[in-house]
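The values are calculated or read from the model by the stated rules, or taken from the named source; none is laboratory data. Please read all numbers here as calculations on a predicted model, not as lab measurements. Heads up, the Cβs are rebuilt from the backbone with ideal geometry, glycines too, and the neighbour counts pull from every protein chain shown. To get the accessible areas, we keep the full protein, side chains included, count just its heavy atoms, and leave off ligands, DNA and RNA. Shrake-Rupley method; radii C 1.70, N 1.55, O 1.52, S 1.80 Å.
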Amino acid sequence: MFSLNGSTSPSIAVYGDSRSLIWRRIGAPLAVAAAASSNRKPGDGNVVLMESNLNGMRGNSPAAKSPVTEKDLKSAGGDGVEDFYGEDQHVTPWAVTVASGYPLLRDPRYNKGLSFNEKERDGHFLRGLLPPVVISQDLQVKKIMNNIRQYDVPLQRYMAMMDLQERNERLFYKLLIDYVEELLPVVYTPTVGEACQKYGSIFRQPQGLFISLKEKGRILEVLKNWPEEKIQVIVVTDGERILGLGDLGCQGMGIPVGKLSLYTALGGICPSECLPVTIDVGTNNEQLLNDEFYIGLRRKRATGQEYAELMDEFMCAVKQIYGEKVIIQFEDFANHNAFDLLAKYGSTHLVFNDDIQGTASVVLAGLMAALKLVGGTLADHSFLFLGAGEAGTGIADLIALQISKQTGVPLEEARRKIWLVDSKGLIVRSRIGSLQHFKRPWAHEHKPVNNFLDAVKAIKPTVLIGSSGAGRTFTKEVVQAMASYNKKPVILALSNPTSQSECTAEEAYTWSEGRAIFASGSPFAPVEYNNKLYASGQSNNAYIFPGFGLGLLISGAIRVHDDLLLAASEALAAQVSQENLEKGLLYPPFANIRKISAQIAAKVAAKAYELGLATRLPQPKNLVECAESSMYSPRYHNYR
């Protein structure tokens, strides 16, 4: 630290360490801002500027332990004033932490823009830095929404929202909460898919941690570079299977950023306690490797021991620095890694794979709601999946587990109601030798069937579920076949983004003559058929993971158990009203998502306490109230 006289004449602030020095001329505005941050008036002497070293050493540098003296200046040469633009000097980047003036308007967490009132403008030296008008946060929301609606291109809306998040965090979340149904497709699927594809071109501000093979052996140090010490939720991807778009490498960062925005907006997790992470081990996408704007490592993907060692170092470092109760959500890993990571760390960390477990929970909730329309129990129905990857097998596992719990039959027997089709056809016993381990439980006795339509005709399922990532695979013949076997065929086209959906809502309703019970992964507009309007439900993981995560946090859970997923599904299904069902909706409106998330959190937390997985004792008497009171509010604070 270096004492600075608070007079209005230019002064010198000095920053340095034992290796190098940087000095710059600081005039009255910064001195005044520093005075405000220490509750002093302009003109008071001995203002101390608190320094923070941006290299992540967190107080371990020599400069943090001792002040810079005039002797240091002389030993460095010069008087600390001349040639401060000198390009031949080796300098260390330092920042002055202030709470007023121009820097306050550049801090997204505390900036309120035109909502700073008159008292705040005087108290924090904002006079002249803002136009004279003072407006409410609600009027700001109205203005920003009006601006966003001017864009016809979804990616432009996405970029406008990201710019807002980097400029005014609370306004961003207020906007997202108030207009969640309109903005959810903008900040997440389907638009986030295009954003990831073009991430290198639109990259402006880093929004998370990029951990690459270059950081191997130093991941703990890299985590300490993140400015927040209290982290409760981490969403991490390696970018190998982004939505249905494939390997996008380092540019998959849009997924963790988007997921954590929803954790805050929909589940109330404080944004400062969320950390997006991308593990960059290279990419096999030749187009990206040849793209001059690509921001990741230009090499083929690491595999085997090299990959495993990097992930293990990351997982150990996270636990060491953030503790045992930090949620680590795996996102968009390829099948061959996703199952292995979940199995490896499920018993040692609080891990959750949204593609396997989150998707399963939200789909099971939709099926429970659909039973109110088609009748019977889950055990009375047969299920056929197109797609046997993370999502497909994850959903199948949870359905079988629920059937087993409801009927008391062994899990192996419950699985016989469920059939899967992969790229080589129906998964049957004769193929078991060539199947990946996660597909083997679904290899039933049946003659081989190579064509999907033939599989539909052979199994005659009551429920058709698409998780293939292959667009338009629920053809007219497939839907008509389903309609011929069922009065009300349940058709779930879950693949994202919209271009990869197995069929559209219009196709499902038209080809089934208005009898289908339909839901999709990406949103579709309502469909009019024979003068009747059919709503389209969205089986979106955003219904589950924010509330699920909140439930883990308020209970202090230390592990994820399958029964917690079942509890989340039951809680979501219970929120579907008869009015929703009459409109053809298998899920409640997103407009009520925070209340829905609170209900899910309460059920998940209650199950965690019941299973002995909770550590926050004693158990709150009212878990719903506990969940709601724990939620982050985007309303502005009043500054003194």
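Data overview
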item: Boolean, ARG170 is within 30 Å of LEU494 (Cβ to Cβ), open to solvent by 20 Å² or more (accessible area, probe 1.4 Å) and out of contact with any helix residue (DSSP H, G or I) (no Cβ under 7 Å at 6 or more places or on another chain); result: no
item: Search result, residues across segment 346-368 that are in a helix (DSSP H, G or I) and open to solvent by 10 Å² or more (accessible area, probe 1.4 Å); result: ASP355, ILE356, GLN357, THR359, MET368
item: Among the candidates ARG109, ARG127, residue that is among the charged types (D, E, K, R), loosely packed, with under 15 Cβ neighbours inside 10 Å and out of contact with any Asp or Glu (no Cβ under 9 Å at 6 or more places or on another chain); result: ARG127
item: Where PRO276 falls short, out of the listed (1) more than 20 Å from GLY193 (Cα to Cα); (2) within 15 Å of the chain's Cα centre (by Cα); result: (1)
item: Hits in segment 532-550 - residues which are modelled with pLDDT of 90 or more and of a type outside the set (A, V, I, L, M); result: LYS532, TYR534, GLN538, SER539, ASN540, ASN541, TYR543, PHE545, PRO546, GLY547, PHE548, GLY549
item: Strands (runs of 3 or more DSSP E) contained in segment 487-606 and holding at least 2 residues free of Cβ contacts under 8 Å to residues at least 60 places away in the same chain; result: 490-493, 527-529, 532-534
item: Selection within segment 451-480 - under 14 Å from LEU384 (Cα atoms) and without any contact (Cβ under 8 Å) to a residue 60 or more places away in the chain; result: ASN451, LEU453, ASP454, LYS457, ALA458, VAL478, VAL479
item: Only listed residue being open to solvent by 50 Å² or more (accessible area, probe 1.4 Å), modelled with pLDDT under 95 and farther than 30 Å from GLY514 by Cα, chosen from ASN638, ASN592, ASN622; result: ASN638
item: Some residue of segment 291-301 being aliphatic (A, V, I, L, M) and either surrounded by fewer than 22 Cβ atoms within 10 Å (Cβ to Cβ) or over 18 Å from the mean Cα position of the chain (by Cα) (or both); result: yes
item: Selection status of ARG429, in contact with an Asp or Glu (Cβ under 7 Å, 6 or more places away or on another chain) and open to solvent by 30 Å² or more (accessible area, probe 1.4 Å); result: yes
item: Filter pass, SER522 being hydroxyl-bearing (Ser, Thr, Tyr) and under 18 Å from the mean Cα position of the chain (by Cα); result: yes
item: Pair list, Cβ under 6 Å, 6 or more apart: segment 145-157 residue β-branched (Val, Ile, Thr), other residue in a helix (DSSP H, G or I); result: ILE148/ARG157; ILE148/ALA160
item: Test: residue in segment 501-522 that is touching a strand residue (DSSP E or B) at 6+ places or on another chain (Cβ under 9 Å), open to solvent by 50 Å² or more (accessible area, probe 1.4 Å) and of a type in the set (Val, Ile, Thr); result: yes
item: So LEU611, is it open to solvent by less than 30 Å² (accessible area, probe 1.4 Å), within 19 Å of LEU398 (Cβ to Cβ) and not basic (Lys, Arg); result: no
item: Any chance LEU139 is under 29 Å from PHE545 (Cβ atoms) and in a helix (DSSP H, G or I); result: no
